[in-house]
Amino acid sequence: MNYRSISVALASAVLLLSANFSIAADTKAAAPQQAASKALASKSKVAAKPKAAAKTKLVDINTAKSEELKTLPGITDAEAAKIIAGRPYSSKADLVVRKLIDDGAYENLKKLIIAKQPNKDAAKNAALYSKKK
């Protein structure tokens, strides 16, 4: 019986050591794969960032000429004339509020237009806009 318990203990020790070595080998093999996958993930995040936003020139609806307004998608000669006649605008959303263009056209335009304010002083801008309304 003594021989049998020694052989069982020895077999158990061998199995535990072999399991420990196989786990260590898997961990070492997985480390370079994890590093490679992290590097690929960071490259894909960098590649996914949009680059076109910096190159797009925004059209100011408070100062743009008719030709510039007509280059915007969905803006006709008549709409460009309405936009020019309704100046100044406190925000680009005023095009929809004042019913110069519809909501669908505004959704296509809102990333392409801005409404710059003529004065740095908010009180002067408010006075300018209150005269038009």
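The values are calculated or read from the model by the stated rules, or taken from the named source; none is laboratory data. Nothing here was measured: the structure is a model prediction, and the numbers come from that model. Glycine also receives a Cβ, built like all others from the backbone with ideal geometry; neighbour counts cover every protein chain displayed.
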message: Consider the stretch 69-126. How many of its residues are in contact with a helix residue (DSSP H, G or I) (Cβ under 9 Å, 6 or more places away or on another chain), among the aliphatic types (A, V, I, L, M) and in a helix (DSSP H, G or I)?
response: 9
- prompt: Is it true that Glu79 is closer than 30 Å to Lys124 by Cβ, at pLDDT 90 or above and either over 27 Å from the mean Cα position of the chain (by Cα) or not assigned by TED's automatic domain parsing to the domain that holds Ala127 (or both)?
  reply: yes
